[in-house]
Amino acid sequence: MAQVFAVASAKGGVGKTTTTANVGAILAETGADVVVIDGDISMANLGAALGIESPPTTLHDVLRGDATPSEATYEGPGGVYVVPGDTALSSYASADPAELPSVLRTHSQADYVLIDVGAGVSHETGLPLSLADEVLLVSTPERDALRDTEKTRQLTEELGGTVAGAVITRTEPSTPVSELATGTLAAPVLGSIPEDEAVRDSVAVGEPLSTYAPHSPAAEAYRELVAELTGVE
Ligand code: ADP
Ligand code: MG
């Protein structure tokens, strides 16, 4: 059975998509069978981050009942499988998130499935928190971001889900990472990803850091996060 992670925060712009794309690509590089799903059905951008531009069939087609999950799955960089969403606003209204479990069933034989969850607190963002085996809380160090991310921790618990821990992104050397995670988020630190311009550049070209800038500080930090998640040093 695949180990399913939801990569989540109620706050937008904190690094959920970046984390999903990079953790997925690094896991795939280690030889694991990995599927990343764009669960942000109102602002789909995971596909683009992994070089899948304008795919003919998307998660939205699956959620609308017009395609099978396999038809919406593409091979991305390093062999990571990607289920991209549709970026058109019109697709959002007709997509039913309740079909997400069928996508997970299709990929249940993978080693890892990562769901990039949308921002906000709603039925559609709550569903992946309860479907996942473990939730990775992603936040930048700002107080507002941490407070919003804390809501995701609460929601996860209310829905009977499990929080694995926190990934603090865009950190500076002086950021008190463990204090922020164990304080506001009440979750153990799984990783700390430094502010790194290679992140923006890699997203712009649609490549993960592992191929675009493998020795960048953020790439190294994502590798450490993956080691923490898989228990491999
Ligand atoms: P979310 O999915 O939570 O909305 P994204 O992953 O799209 O967030 O990231 C939001 C923005 O922050 C993007 O422009 C991305 O390039 C930038 N970003 C994310 N992580 C870092 C980092 N470690 N260093 C620099 N910029 C980052
Ligand atoms: Mg995102």
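The values are calculated or read from the model by the stated rules, or taken from the named source; none is laboratory data. Computed from a predicted model, the values in this text were never measured in an experiment. Don't worry about glycine lacking a Cβ; one is built from the backbone with ideal geometry, like all the others, and counts go over all protein chains shown. Remember, those area values only see protein heavy atoms, side chains included, never the ligands or the DNA or RNA. Shrake-Rupley method; radii C 1.70, N 1.55, O 1.52, S 1.80 Å.
Counting every alpha-carbon pair across region 185-230, the share separated by more than 12 Å comes to 61%.
Calculate the tail of P(r) for region 140-233: the fraction of all Cα-Cα distances greater than 17 Å, expressed in %. So the pairs more than 17 Å apart make up 55 percent of the total in region 140-233. Only helical runs count toward this figure. For the chain, summing -39,500 (n - 2.57) over DSSP H runs of n ≥ 4 and dividing by all residues gives -11000 deg cm²/dmol at 222 nm. Applying D = kT/(6 pi eta Rh) to region 31-107, where Rh is the Kirkwood radius over alpha-carbon pairs, T corresponds to 20 °C and eta to 1.002 mPa s, the Stokes-Einstein value obtained is 176 µm²/s. Comparing Cα centroids, region 155-183 and region 4-73 end up 22 angstrom apart.
Dimensions of the chain based on its C-alpha atoms, expressed as ranges along the principal axes with the largest first, amount to 49, 38, 33 Å. Averaged over residues, the count of other Cβ atoms within 10 Å places the peptides 137-149, 15-27 in the sequence 15-27, 137-149, highest first.
Carbon-plus-sulfur accessible fraction, region 102-225 (probe radius 1.4 Å, protein heavy atoms only): 48%. Every Cα-Cα pair of region 9-65 was included, and the share exceeding 16 Å stands at 47 percent. With protein chains left intact and a 1.4 Å probe, residues in region 8-123 average 38 Å² of accessible area per residue. Using only side-chain charges placed at the Cβ, +1 for Lys and Arg and -1 for Asp and Glu, the dipole size of the chain relative to its Cα centre rounds to 360 debye.
With protein chains left intact and a 1.4 Å probe, residues in region 161-233 average 50 Å² of accessible area per residue. Helices in the chain that qualify as membrane-span-like (whole DSSP H runs, Cα extent of at least 15 Å along the helix axis, mean Kyte-Doolittle hydropathy of 0.0 or higher) are 16-29, 217-230. DSSP bridge analysis restricted to the chain gives an antiparallel fraction near 5%, rounded to the nearest 5.
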